[in-house]
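**Student:** Here it is, the structure, as structure tokens.
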Amino acid sequence: MYFIIETSETVRVPPESLGEEFEKVAKSVAIRNVEEKIGVLDRELVRDANDRKYLNLMVLESVLRGEGRIVHGDGGVYQVVDMKVLAFHPTMQEVIEGDIIDIKKFGAFVSIGPLEGLLHVSQVMDDRIEVDEESKRMIGKDSKKDLKAGDSIRARIVALSLSDSNVEDSKIGLTMRQNFLGKLAWLKADQTAEAK
């Protein structure tokens, strides 16, 4: 889910910033260009186009490579910056743990790292669900199991679409309708019952 990737970025240091410390400005521009943006792994590493995408979270290290270049007709300086970046890489069928942050009529929003996933009401449990939007709860009609904002869950990613243009438009679909998935309190209660 999280990994460190080594990458490089050619950045343009604008002419108005050339009076400042060059290394500091170049690194700052590189960080602005990379952090909170979607990156793509090489095709040789991962075949599926959607599984190649990851979200750059934070630049851990940055080093200028060589001298900057000046292009005729442009007052800026182009500089290559090598970086180590902490990245978030969700994949299809991955089992994740997260917290319920909101409940709507159609499902629950789950915080998984820096992104949110949607747990559709049909994917919560093998029971008919009653949604109480006012108190932000889902209740199984037969099992009486409940799910509310703030609960910790374990789910599987079943739909994934990371948006290149806007990270907030990314979509992650989740399910808890399998063995060993669900609200962590339910799983603990099941383990305790089996132990007896």
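What follows is calculated from the coordinates using simple rules that are stated; it is not laboratory data. Only a predicted model underlies this, so the values are computations on that prediction, with no experimental measurement involved. Ideal geometry is used to build each Cβ from the backbone, glycine not excepted, and the neighbour counts take in all protein chains shown.
**Student:** Measure up Lys105/Lys145; Lys144/Lys171; Lys53/Lys84 against 23 Å on the Cα-Cα distance and list the ones that go over. Kindly include the intermediate steps, with their values, before the conclusion.
**Tutor:** Numbers: Lys105/Lys145 17 Å; Lys144/Lys171 30 Å; Lys53/Lys84 17 Å.
Table pairs above 23 Å Cα-Cα are Lys144/Lys171.
**Student:** On to the next question. Please work out how much length the chain gains when fully extended from Thr7 to Glu36, using 0.36 nm per residue of separation minus the C-alpha to C-alpha distance, in nm with one decimal. Mind dumping the intermediate values first?
**Tutor:** Working: separation 29, 0.36 × 29 = 10.44 nm, distance 1.46 nm.
Fully extending the segment from Thr7 to Glu36 adds 9.0 nm.
**Student:** Regarding segment 43-196, what are the three Cα extents along the principal axes, ordered largest first, in Å?
**Tutor:** Ordered largest first, segment 43-196 gives principal extents of 73, 36, 27 Å.
**Student:** Once every Cα of segment 2-88 carries one equal point scatterer and solvent is ignored, give the base-10 log of I(q)/I(0) from the Debye formula at q = 0.15, 0.18, 0.27 Å⁻¹, two decimals.
**Tutor:** -0.60, -0.78, -1.27
**Student:** Now, a different point. For Glu116 and Glu67, what does the FRET efficiency come to when R0 = 30 Å and r is the distance between their Cβ atoms, rounded to the nearest 0.05? Don't skip to the end; give the middle numbers.
**Tutor:** Values: r = 43 Å, r/R0 = 1.44.
Plugging the Cβ-Cβ distance into 1/(1 + (r/R0)^6) gives 0.10.
**Student:** Once you place label points 7 Å from the Cα toward the Cβ at Thr91 and Asp126, how far apart are they in nm?
**Tutor:** Roughly 2.8 nm, to one decimal.
**Student:** How far is helix 184-195 tilted off the main Cα axis of the chain, in degrees rounded to 10, range 0 to 90?
**Tutor:** Result, in degrees: 50.
**Student:** Divide by every residue of the chain the summed helix terms, -39500 (n - 2.57) for each DSSP H run of at least 4, and state the resulting mean residue ellipticity at 222 nm, rounded to the nearest 500 deg cm²/dmol.
**Tutor:** That comes out to -4000 deg cm²/dmol.
**Student:** Less than 13 Å apart at the alpha-carbon level, and either on another chain or at least 8 residues along: which aspartates and glutamates does that give for Lys148?
**Tutor:** Excluding near neighbours in sequence, the set is Asp99, Asp102, Glu130, Asp132, Glu133, Glu134.
**Student:** Name the residue farthest towards the positive end of the dipole of the chain from the options Ile129, His72, Ala108, assuming +1 on Cβ of Lys and Arg, -1 on Cβ of Asp and Glu, about the Cα centre.
**Tutor:** Farthest along the dipole direction, towards plus: Ile129.
**Student:** Still on this model: Could I have the simple spin-label model distance between Glu20 and Lys141, label points 7 Å from Cα toward Cβ, reported in nm to one decimal?
**Tutor:** 6.1
**Student:** Against the longest alpha carbon principal axis of the chain, how many degrees, from 0 to 90 and to the nearest 10, is the axis of helix 22-34 turned?
**Tutor:** Tilt relative to the chain: about 30 degrees.
**Student:** Tell me the label-point distance for the pair Asp164, Ala189, using the 7 Å Cα-to-Cβ offset, in nm and rounded to one decimal.
**Tutor:** Using points 7 Å along Cα→Cβ, the separation is 4.6 nm.
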